[in-house]
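A short worksheet on the structure shown next.
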Amino acid sequence: MSRRDWDNLCERGILGLVLAILVAGPLAFGGVGTVPFLIIQGLTLGVMALWGLRLWIHPSPRLLFPPICWAVLAFAAYAIGRYCTADIEYVARQELAKVLVYTFLFFAVLNNLHRRESVQIVTFTLLGLGMVIAGYAVYQFLSGSDRVWHLFKPYKNRGTGTYVNPNHLGGFLEMLLPLALTTALLARFKPLTRILAGYAGLVIFSGLGVTVSRGAWVATAFGLLLLCFALMFYRQYRLPVILVVTIAFSGAALFVYESPATQLRLRQITSSHTGNVDDDMRFSLWQPAVQVWRENPWWGAGPAHYDYRFRTYRPILVQRRPDRVHNDYLNTLADWGLVGFGLVTTAWGLLAFTLYRSWPYVRGSSTQLGDKKSSTKFSFVLGASIGLTSLLLHSFIDFNWHIPANAVLAVTLMALLSAFTRFATESYWVRVGWVLRILGSVVLVAGAVWLGAEGWRKYRENGWLRQAERASLYSPEQVALLKNAYAVEPRNFETTYAIGEGLRMQSAEGGRNYRELAQEALGFFHLGIRLNPWDGYQYLRYGACLDWLDRRAEADPYFLRAEELDPNGNYTMAQIGIRYVQLGEYAAARPWLERALRLDHNALAINYLKICEARLLEAATNGVAAPGGKATAVSP
């Protein structure tokens with residue numbers, strides 16, 4: 001085989017691996033979770049290896065480097081720098097791994113899959129995948145299935161497909177629907193192929209409907225109107241697109257009218273009690289994001305730090321972990337600051353600039369639109385652009401960019417769109433000489449080594465953690481398994497917390513070595529505080545161990561710090577109240593327990609409040625019943 005043959009083989013290998021990533025992510029719960037993302041990460045390593053080979057196999061390699069590449073590189077470099085200065089190293093490292101995977105995929109797709117045949121294969125694979133997942137969502141909705149594969153889904157009467165959250169399925173499908181419609185209406189394919197694309201679009205549209213995601217519905221409606229507006233400039237496509245959009249909106253209206261589940265969902269837009277917009281507590285997560293951002297406006301709190309900084313600014317109504325802001329723009333500001341937000345905005349602006357420059361060369365004139373050379377390019381550019389626009393609109397009320405499968409799809413579409421700049425100018429092609437070959441190889445090897453080592457460590461840690469989940473809670477066996485996970489990954493503060501809690505509970509059972517167990521638990525809680533100084537629960541447990549060891553004076557500052565970090569947390573308030581009950585200070589315990597109950601219904605707080613009130617009543621009764629009719633003083 002010649003060098004050209006080997007090069008073609010590597011190119012096909014990259015195409016196959018990228019397709020595997022695009023398919024595996026959505027099918028594996030959207031790529032959410034440790035193992036699904038490790039699959040994406042491992043396949044990306046294969047893409048990087050084959051691309052590195054192409055740099056040396058190809059006789060005269062070239063690099064396509066449009067302006068957006070500078071913004072992507074700048075954000076990747078910024079992410080590395082921000083990781084090095086983050087307060088919580090472990091979560092920042094996990095976020096950095098995702099950023100690097102998306103960055104390498106962007107450049108790999110841009111420079112290896114820009115051929116027309118590759119774009120078409122990616123397009124049809126995505127439409128077929130979207131049709132299958134949307135069909136599964138329709139089945140879930142019609143049958144009332146509460147399963148996603150073998151797992152139970154928490155959303156009743158809503159289609160989620162292979163995703164856990166219907167909103168994230170909506171984000172995936174809303175990117176594909178415009179592409180299906182433009183392929184059916186504009187692309188120069190055989191009639192059967194266009195009919196199949198149209199059928200895929202119909203199923204995808206149905207899948208979007210059964211998600212009952214209000215954000216996805218609005219984003220999809222906006223995308224359809226934008227498509228209609230764009231094609232109104234072409235006489236031969238005015239009637240078809242008007243018919244398609246009219247049928248789509250009519251079908252959507254009929255579906256809403258006939259479906260009790262969708263009617264209920266729409267009635268939930270406004271609260272029946274207050275008349276205010278029912279946002280599923282989204283707005284309650286936005287204000288804390290602004291407050292977290294204001295602490296460090298330029299650099300942000302740190303990669304993926306919002307979830308851990310949230311508790312300090314927790315609104316009374318929100319007692320669960322938010323995970324994300326439910327607004328990708330505010331999430332970017334809170335985590336990455338103005339610098340990171342500016343780099344992301346610049347990347348989108350440069351993509352828009354690239355499309356603006358490429359537009360005349362891919363759309364052709366109105367009389368040329370049916371020409372084979374122009375129509376297929378135009379169908380992809382228009383469909384992918386509108387799909388990304390829909391996602392950007394949806395991002396105001398959800399966090400689809402933090403769902404790996406959706407992020408990979410968006411990055412792939414951005415890379416393929418950026419590649420169309422080659423039709424406008426040759427100035428963005430860079431010939432790769434020996435210096436660039438060596439530099440590119442160094443970057444690819446360094447990235448692969450870091451991602452590979454990180455992935456292997458995460459895989460091993462996850463194995464021990466899964467075994468620990470199956471062991472008896474707080475048992476010595478579970479603690480031993482958690483210690484194995486800690487040996488693999490010593491920066492995971494959640495593991496150190498679980499180890500400390502297991503040791504503390506074993507110490508509470510008594511025994512000769514209870515003090516040694518409590519001392520060991522203190523060590524792990526102290527380590528957790530150093531690894532994540534914003535976790536108030538670590539302070540709670542550290543203080544509880546000190547109380548157990550009769551070191552109350554030392555424990556007080558830790559409980560005070562826990563309150564400062566989570567002043568509106570019902571769990572934190574309840575634990576402080578329980579502490580006073582255990583110390584026998586019932587009068588001091590009551591206000592903490594009552595506050596915990598005002599924040600949220602807490603069975604533990606209810607039980608301890610009953611104990612507290614019983615002890616106070618007993619003390620008061622004993623005082624009144626003193627001999628000689630005189631009440632004795634009662635110390636609370």
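The values are calculated or read from the model by the stated rules, or taken from the named source; none is laboratory data. Only a predicted model underlies this, so the values are computations on that prediction, with no experimental measurement involved. When we count neighbours, we look across all protein chains shown, and the Cβ atoms used for this are built from the backbone with ideal geometry, even at glycine.
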Check your understanding: Which condition breaks for Tyr459 when tested against (1) more than 30 Å from the chain's Cα centre (by Cα); (2) part of a helix (DSSP H, G or I); (3) surrounded by fewer than 20 Cβ atoms within 10 Å (Cβ to Cβ)?
Key -> (1)
Exercise for review: Report, by residue number, each residue of the stretch 481-496 that is surrounded by 16 or more Cβ atoms within 10 Å (Cβ to Cβ), among the hydrophobic types (A, V, I, L, M, F, W, C) and either over 18 Å from His526 (Cβ atoms) or without any contact (Cβ under 8 Å) to a residue 24 or more places away in the chain (or both).
Suggested key: Leu481, Leu482, Ala485, Val488
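Looking only at the stretch 388-406, which residues are among the β-branched types (Val, Ile, Thr) and surrounded by 24 or more Cβ atoms within 10 Å (Cβ to Cβ)? Lay out the reasoning, then the answer.
First pass over the stretch 388-406, keeping only residues among the β-branched types (Val, Ile, Thr): 389, 397, 403.
Listed by number, the list holds a single entry, Ile403.
Residue by residue, here is whether (1) assigned to a helix (DSSP H, G or I); (2) within 30 Å of Gly300 (Cβ to Cβ); (3) more than 16 Å from the chain's Cα centre (by Cα) holds:
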| position | (1), (2), (3) |
| --- | --- |
| Met1 | no, no, yes |
| Asp7 | yes, no, yes |
| Ile14 | yes, no, yes |
| Val18 | yes, no, yes |
| Ala92 | yes, yes, no |
| Val99 | yes, yes, no |
Practice item. Scan the stretch 198-225 and report the pairs whose first residue is under 19 Å from Pro240 (Cβ atoms) and whose second residue is β-branched (Val, Ile, Thr) and assigned to a helix (DSSP H, G or I), with Cβ atoms within less than 6 Å and a gap of 6+ or a chain change. Key: Gly223/Ile386; Leu224/Val245
Point to revise | Of the criteria (1) within 28 Å of Glu117 (Cα to Cα); (2) at pLDDT below 95, which one Thr412 fails | key: (2)
Practice item. For the stretch 296-336, enumerate the residues that are under 22 Å from Leu531 (Cα atoms) and outside any loop (DSSP other than H, G, I, E, B). Key: Tyr306, Asp307, Tyr308, Arg309, Phe310, Arg311, Thr312, Tyr313, Ala334, Asp335, Trp336
Review point. Would you call Val35 in contact with a Leu (Cβ under 6 Å, 6 or more places away or on another chain) and either over 30 Å from Tyr136 (Cβ atoms) or part of a helix (DSSP H, G or I) (or both)?
Key: no
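Does Thr193 meet the test of being modelled with pLDDT of 90 or more and buried (at least 17 other Cβ atoms within 10 Å of the Cβ)? Give the steps one after another, and end with the answer.
Working: modelled with pLDDT of 90 or more: yes; buried (at least 17 other Cβ atoms within 10 Å of the Cβ): no.
Spelling it out, it is not the case that Thr193 is modelled with pLDDT of 90 or more and buried (at least 17 other Cβ atoms within 10 Å of the Cβ).
Under 13 Å from Arg541 (Cα atoms) and surrounded by 19 or more Cβ atoms within 10 Å (Cβ to Cβ): does that describe Ala508?
Numbers: under 13 Å from Arg541 (Cα atoms): yes; surrounded by 19 or more Cβ atoms within 10 Å (Cβ to Cβ): no.
No.
Please tell me if Ser385 is buried (at least 22 other Cβ atoms within 10 Å of the Cβ) and in a helix (DSSP H, G or I).
On the way: buried (at least 22 other Cβ atoms within 10 Å of the Cβ): yes; in a helix (DSSP H, G or I): yes.
When the stated conditions are applied, Ser385 passes them.
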Review point. Residues in the stretch 513-525: is at least one of a type in the set (Ser, Thr, Tyr), surrounded by fewer than 21 Cβ atoms within 10 Å (Cβ to Cβ) and within 27 Å of the chain's Cα centre (by Cα)?
Key: no
Revision key, fill the gap. If we ask which residues in the stretch 571-598 are within 22 Å of Pro322 (Cβ to Cβ) and crowded, with 22+ Cβ neighbours inside 10 Å, their number turns out to be 5
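Looking only at residues in the stretch 541-584 that are part of a helix (DSSP H, G or I) and of a type in the set (Gly, Ala, Ser), which one is nearest to Tyr313 (Cα to Cα)? Reasoning before the result, please.
The initial filter retains those residues of the stretch 541-584 that are part of a helix (DSSP H, G or I), namely 541-548, 552-565, 570-582.
From what's left, of a type in the set (Gly, Ala, Ser): 543-544, 553, 555, 562, 574, 577.
On the way: Gly543: 22, Ala544: 24, Ala553: 28, Ala555: 24, Ala562: 13, Ala574: 18, Gly577: 21 Å.
By that ranking, first place goes to Ala562.
Would you be able to say whether some residue in the stretch 384-401 is among the aliphatic types (A, V, I, L, M), touching a strand residue (DSSP E or B) at 6+ places or on another chain (Cβ under 8 Å) and touching a residue at least 40 places away in the same chain (Cβ under 8 Å)?
Taking the stretch 384-401 first, the residues among the aliphatic types (A, V, I, L, M) are 384, 386, 388, 391-393, 397.
Narrowing the set further to residues that are touching a strand residue (DSSP E or B) at 6+ places or on another chain (Cβ under 8 Å) leaves none.
Scanning the stretch 384-401, I find no residue that is among the aliphatic types (A, V, I, L, M), touching a strand residue (DSSP E or B) at 6+ places or on another chain (Cβ under 8 Å) and touching a residue at least 40 places away in the same chain (Cβ under 8 Å), so the answer is no.
Given the structure, is Leu465 in a helix (DSSP H, G or I) and under 31 Å from the mean Cα position of the chain (by Cα)?
Details: in a helix (DSSP H, G or I): yes; under 31 Å from the mean Cα position of the chain (by Cα): yes.
When the stated conditions are applied, Leu465 passes them.
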Point to revise | Failed condition for Leu481, given (1) assigned by TED's automatic domain parsing to the domain that holds Leu546; (2) at pLDDT 95 or above; (3) out of contact with any Phe, Trp or Tyr (no Cβ under 9 Å at 6 or more places or on another chain) | key: (3)
**Study point:** Within the stretch 125-146, considering residues that are under 18 Å from Ile21 (Cβ atoms) and in contact (Cβ under 8 Å) with a residue 60 or more places away in the chain, the one surrounded by the fewest Cβ atoms within 10 Å (Cβ to Cβ)
**Key:** Gly128
